[in-house]
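**Q** Mind looking over this structure? Questions follow.
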Amino acid sequence: MSLGTLVTIVEAGVDNLIIFVVANQTYEITGNQPIPGAGSIDFVTIAKGAGFKRTFAFDRADEFEGQLDQILSEPGPTFVCVCVEPGSEDVISRGPEEEARYLQVSLADWSKQMRDVLAERDK
């Protein structure tokens, strides 16, 4: 999702959409590198600037839990940012030793397989 998507959502007038941002200030899946602006970026302010009238920010689980019913029951679009601690997992790898099937094959191999299937289908 890009920031322009937030404006598109507001302009579309949808009222049944809630965007949850789980903000840990890192690119966790690639090894926990800090995101640009880590520690100073304010996602809720960006959402408000895009036109979201319902925005929420939480840095405590009990506060989030206390307002969740309200968040889920009122019309949106709604933007919710929940701050969490960064994870500690290593960078995901790809190879036959991985348990998850989608991680056993490289992205390049998956792309080639998909192209082959689509080309075969179009014959």
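Laboratory data are not the source of any read-out in this text; all were calculated from the coordinates shown. Keep in mind the model is a prediction, meaning the values are calculated, not measured. Cβ atoms come from the backbone with ideal geometry, glycine included; neighbour counts cover every protein chain shown.
**Q** Taking only the C-alpha atoms, wrap a convex hull around the chain and report its volume per residue in Å³ as a whole number.
**A** So the per-residue hull volume is 179 Å³.
**Q** With both partners inside the chain, how many of the DSSP beta bridges are antiparallel, as a percent to the nearest 5? Display every interim value, and only then the final one.
**A** Details: 2 of 13 bridges.
The answer is about 15 percent antiparallel.
**Q** With +1 on the Cβ of every Lys and Arg and -1 on the Cβ of every Asp and Glu, and nothing else charged, how large is the dipole of the range 3-91 about its Cα centre, in debye rounded to the nearest 20?
**A** On the way: 4 positive and 13 negative charges, 86 e Å.
Dipole size: approximately 420 debye.
**Q** Moving on to the next point. In nm, give the distance between the simple-model label positions of Arg115 and Ile29, each being 7 Å from the Cα along the Cα-to-Cβ direction.
**A** Here the answer is 2.2 nm between the modelled labels.
**Q** Working out 0.36 nm times the residue gap between Leu72 and Val84, then minus their Cα-Cα distance, what length gain in nm do you get to one decimal? Numbers along the way, then the final one.
**A** Details: separation 12, 0.36 × 12 = 4.32 nm, distance 2.01 nm.
Gain on stretching Leu72 to Val84: 2.3 nm.
**Q** For the chain, what is the mean residue ellipticity at 222 nm derived from helices alone (per DSSP H run of n ≥ 4: -39500 (n - 2.57); sum divided by total residues; nearest 500 deg cm²/dmol)? Could the numbers behind the result be given before it?
**A** On the way: 4 runs with 46 residues, N = 123.
Helix-only estimate at 222 nm: -11500 deg cm²/dmol.
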